[in-house]
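Peer 1: The structure that follows is given in the form of structure tokens.
The values are calculated or read from the model by the stated rules, or taken from the named source; none is laboratory data. Here the structure is a predicted model, which means the values were calculated and not measured. When we count neighbours, we look across all protein chains shown, and the Cβ atoms used for this are built from the backbone with ideal geometry, even at glycine.
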């Protein structure tokens, strides 16, 4: 008889540092800083502390879209937070985001700095501040915000659920992968049905709902997330594919994807962004030593 591998939870859970998979070195069951480290502050109204993950990309795309529209007051410094090295647990970062997650924004445009954390809150803060990408009509605003919060509630099933068990967990668990694959396929179907009837998620206009959703589900639609495109048969979702390509072609999106990026083609990596010219002079391929 094969020994059972079924897990029986103990009466009291205890933290096993060696049982966290790919992110065991940074995951812990307590909050607060682990070390003292002040955050750098640049010259621009907005100070962003982030990494080029889907949640981080939401904010850099938003800021680049605002600059594309001519909002010079949306200039920002983007500082790199290497979460795999525990930068998010520094005392300065925890002051801006007590949840120790990227992205975190410090709005220094007024008399007193305002901290904003959680990517959806940052998008709303910027949209309301500049009057862009968030409809003012009551019905259109409700539709946009419904899809924004749909993304905030759905993405954890994609990332922490499917992505973790499919790509990062120390062992492959069929039940967990099947459970989350089913949910992610359902989410893609939700998006595909909506985009069959509407150009963008909120309606005819591009909004923060699209800016929030595209980094997660656009990457998934192109097979770039967790190398799971074939597994999930993402090409079947034709309307999601159309929407993904349409947004990917926007100049601000192209730039926003580069900021705080630390993987992939060096020409697409701009580890820190302090001026618009950095896209031309400071991508990692241009900073690499000559052979």
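Peer 1: Go through the residues of the range 184-207 one by one and say whether even a single one is modelled with pLDDT of 95 or more, assigned to a helix (DSSP H, G or I), in contact with a helix residue (DSSP H, G or I) (Cβ under 6 Å, 6 or more places away or on another chain) and more than 17 Å from residue 151 (Cβ to Cβ).
Peer 2: The answer is yes, given that some residue of the range 184-207 is modelled with pLDDT of 95 or more, assigned to a helix (DSSP H, G or I), in contact with a helix residue (DSSP H, G or I) (Cβ under 6 Å, 6 or more places away or on another chain) and more than 17 Å from residue 151 (Cβ to Cβ).
Peer 1: Looking at the range 7-18 only, could you name the residues that are surrounded by fewer than 10 Cβ atoms within 10 Å (Cβ to Cβ) and either more than 20 Å from residue 101 (Cα to Cα) or at pLDDT 85 or above (or both)?
Peer 2: Scanning the range 7-18 gives 7, 8, 9, 10, 11, 12, 13, 14, 16, 18.
Peer 1: Considering only residues of the range 121-136 that are loosely packed, with under 14 Cβ neighbours inside 10 Å and part of a helix (DSSP H, G or I), which is nearest to the chain's Cα centre (by Cα)?
Peer 2: Here the answer is 121.
Peer 1: Among the residues of the range 258-281, are any in contact (Cβ under 8 Å) with a residue 24 or more places away in the chain, surrounded by fewer than 15 Cβ atoms within 10 Å (Cβ to Cβ) and outside any loop (DSSP other than H, G, I, E, B)?
Peer 2: Taking every residue of the range 258-281 in turn, none turns out to be in contact (Cβ under 8 Å) with a residue 24 or more places away in the chain, surrounded by fewer than 15 Cβ atoms within 10 Å (Cβ to Cβ) and outside any loop (DSSP other than H, G, I, E, B).
Peer 1: Is there a residue being in contact with a strand residue (DSSP E or B) (Cβ under 9 Å, 6 or more places away or on another chain) and at pLDDT 95 or above anywhere in the range 224-241?
Peer 2: No, every residue in the range 224-241 fails to be in contact with a strand residue (DSSP E or B) (Cβ under 9 Å, 6 or more places away or on another chain) and at pLDDT 95 or above.
Peer 1: Starting from the range 189-201, keep only residues that are over 18 Å from residue 212 (Cα atoms), then list their pairs with residues that are modelled with pLDDT of 95 or more and part of a helix (DSSP H, G or I) whose Cβ atoms are within a distance under 6 Å, requiring at least 6 positions of separation or different chains.
Peer 2: Listed by first residue and then by second, the contacts come to 196/239.
Peer 1: Would you call residue 161 more than 30 Å from residue 17 (Cβ to Cβ), surrounded by fewer than 20 Cβ atoms within 10 Å (Cβ to Cβ), at pLDDT 95 or above and in contact with a helix residue (DSSP H, G or I) (Cβ under 7 Å, 6 or more places away or on another chain)?
Peer 2: no
Peer 1: How many residues does the range 137-168 hold that are over 20 Å from the mean Cα position of the chain (by Cα) and in contact (Cβ under 8 Å) with a residue 12 or more places away in the chain?
Peer 2: Residues meeting the conditions: 2.
Peer 1: Can you confirm whether residue 212 is under 24 Å from residue 167 (Cβ atoms), in contact with a helix residue (DSSP H, G or I) (Cβ under 8 Å, 6 or more places away or on another chain), modelled with pLDDT of 95 or more and crowded, with 21+ Cβ neighbours inside 10 Å? Break it down stepwise before answering.
Peer 2: Working: under 24 Å from residue 167 (Cβ atoms): yes; in contact with a helix residue (DSSP H, G or I) (Cβ under 8 Å, 6 or more places away or on another chain): yes; modelled with pLDDT of 95 or more: yes; crowded, with 21+ Cβ neighbours inside 10 Å: yes.
Criteria met by residue 212.
Peer 1: Right, something else. Just checking, how many residues over the range 221-246 are surrounded by fewer than 19 Cβ atoms within 10 Å (Cβ to Cβ) and in a helix (DSSP H, G or I)?
Peer 2: Residues that pass the stated criteria total 11.
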